[in-house]
Amino acid sequence: MSTFSFKHFTIKQDIAAVKVGTDAMLLGAFTDVSTANKVLEIGTGTGVISLMLAQKNPSIQIVALEIHAETATEAAINISNSTFFNCINIQHQDFLNFVVLDKYDVVVTNPPYFECGLIPEDPKLQIAKHIDRDKMDAWFCKISSVLDEVGSCWMILPFEASNAWIELANKYGLFVDQRINVYAKPAVCKRVILSFSKISKNIVQQDFLIREASGDYSLEYLELTKDFHDRIPVR
């Protein structure tokens, strides 16, 4: 059995195509839910990001969508085994078919951002990691429709793909208000965490380092994740 233990919950991840990793840790830690009431996660996988957000603000209500049935079941088990089971509703749903009854204060997603290249044989990985341009368009259109007028949408993307996603978001009235450039090591920017809103404003920007040149985790990474880990994060 493959498990990942946090301070306040444990993730079982035998089925999910995408295991707990640094991307999820960063997105869950940076996403601001301090004033949120209703949160939507698109593509929850193991449920780890929703659990991190619930830990940060146990008063929120989260709907977490997962397109793959068995992965959704595994995520639901992870939620039910945690103390945050009343906060999170796992739904086996394709986001594009999701019937929206409410607007959400926060939408969060670690999206399937690979648009081209070799397609993996595992159908779960195909869904989790690959998206075509038409679906990207549909995603942003739908995100715009479900997001509250003063809400925020958080996502993590590869650095080299971020500009294309930002341009597409702008098409649907979503504008970057926060940008976190994530450096795997000094001078190597690998990921970008973006917060979009429906209000165009000055962008708050920062750089964030995961590892020092020595290969050790940076102090800022350890500080960011200290409430979730009871040990040094796995490499």
Where a residue in the stretch 162-179 is under 22 Å from GLN206 (Cβ atoms) and its partner, wherever it lies, is assigned to a helix (DSSP H, G or I) and among the polar types (S, T, N, Q), with Cβ under 6 Å and at least six apart: LEU174/SER144
Residues of the stretch 149-161 satisfying the condition of being touching a residue at least 24 places away in the same chain (Cβ under 8 Å) and surrounded by fewer than 17 Cβ atoms within 10 Å (Cβ to Cβ): GLU149, VAL150, PRO158, PHE159, ALA161
Count of the stretch 1-18 residues which are more than 24 Å from VAL106 (Cβ to Cβ) and either not in a loop (DSSP other than H, G, I, E, B) or not polar (S, T, N, Q) (or both): 8
Out of ILE79, ILE90, sole residue that is at negative phi, under 16 Å from the mean Cα position of the chain (by Cα) and β-branched (Val, Ile, Thr): ILE90
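One line per residue, one yes/no per condition, for (1) free of Cβ contacts under 8 Å to residues at least 60 places away in the same chain; (2) part of a loop (DSSP other than H, G, I, E, B):
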| position | (1), (2) |
| --- | --- |
| ASP32 | no, yes |
| THR35 | no, yes |
| LEU51 | yes, no |
| GLU70 | yes, no |
| THR73 | yes, no |
| ILE77 | no, no |
Of all residues in the stretch 2-58 being within 10 Å of the chain's Cα centre (by Cα) and of a type in the set (Asp, Glu), the one that is modelled with the lowest pLDDT: ASP23
Selection status of VAL188, among the β-branched types (Val, Ile, Thr), surrounded by 12 or more Cβ atoms within 10 Å (Cβ to Cβ) and free of Cβ contacts under 8 Å to residues at least 40 places away in the same chain: yes
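The values are calculated or read from the model by the stated rules, or taken from the named source; none is laboratory data. Please read all numbers here as calculations on a predicted model, not as lab measurements. Glycine also receives a Cβ, built like all others from the backbone with ideal geometry; neighbour counts cover every protein chain displayed.
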